[in-house]
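Read-outs: derived from the displayed coordinates by stated rules, not from any lab. On a predicted model such as this, the values are computed, not experimentally measured, just so you know. As a convention, Cβ positions derive from the backbone with ideal geometry for all residues, glycine included, and neighbour counts pool all protein chains shown.
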Amino acid sequence: MIRAWLMSALLVLCGLLVGASLLLGGSSAPSPVVPVLFLLLAWTQSPLFFPRRLDAAEAQRRSAADGRPVIYWRPGCTFCLRLRLRLGRRARRAYWVDIWRDPEGAAVVRAANGGDETVPTVVVAGRPHTNPDPGWVRVVLDALPAPGVRDAD
């Protein structure tokens, strides 16, 4: 759990140190802005920025039932952040598994990537896709039925 928050904590600490040094150095204009920018950056690197996480077993079970993709990620990964930002609100329609908090999720990623923990790894219909283009993931998510809408029998 500490590893998941390490990058965010370091960014907050750096922001405070840079802000304090600017303030002590006599440059008062940007000093309140710098810590705020570091806080925003820390938030994007934190587990809070990503949709509600699930463990791998639950995500796989839900994905098998409704066809939504499972996205394996880890905090501090710039490619995961890029995917999350590019998906916008659509990100909530996928199941997110933090491989640093779920050893089974890490094992799935290693099995899909020749032993490496390369993320993001997106599993769609049982097929893994390593670091896919965010546009492609958006198309996959857009092809899903709207939440709460079921096909007529």
What number comes out for the charge environment of Asp142, summing +1 per Lys or Arg and -1 per Asp or Glu over other residues with Cβ under 11 Å away? +3
Sorted from fewest to most neighbouring beta carbons within 10 Å, what does the list Val18, Val137, Val36, Val97 look like? Val36, Val18, Val137, Val97
Which net charge results when you count Lys and Arg as +1 and Asp and Glu as -1 among the other residues whose beta-carbon is under 10 Å from that of Arg86? +3
For the residue pair Glu104 and Ala65, what label-to-label distance in nm results when each label sits 7 Å from Cα along the Cα-to-beta-carbon direction? 1.4 nm
Full-extension gain between Asp133 and Thr78, please, as 0.36 nm times their residue separation minus the C-alpha to C-alpha distance. 18.4 nm
Could you please rank Leu41, Leu6, placing first whichever residue has the fewest other Cβ atoms within 10 Å of its Cβ? Leu6, Leu41
Testing the spin-label approximation: label points 7 Å from Cα along Cα→Cβ at Leu24 and Leu144. State their distance in nm. 4.9 nm
Full-extension gain between Arg52 and Cys14, please, as 0.36 nm times their residue separation minus the C-alpha to C-alpha distance. 10.9 nm
Please rank Ile99, Ile71, fewest neighbouring Cβ atoms within 10 Å first, as an exposure proxy. Ile99, Ile71
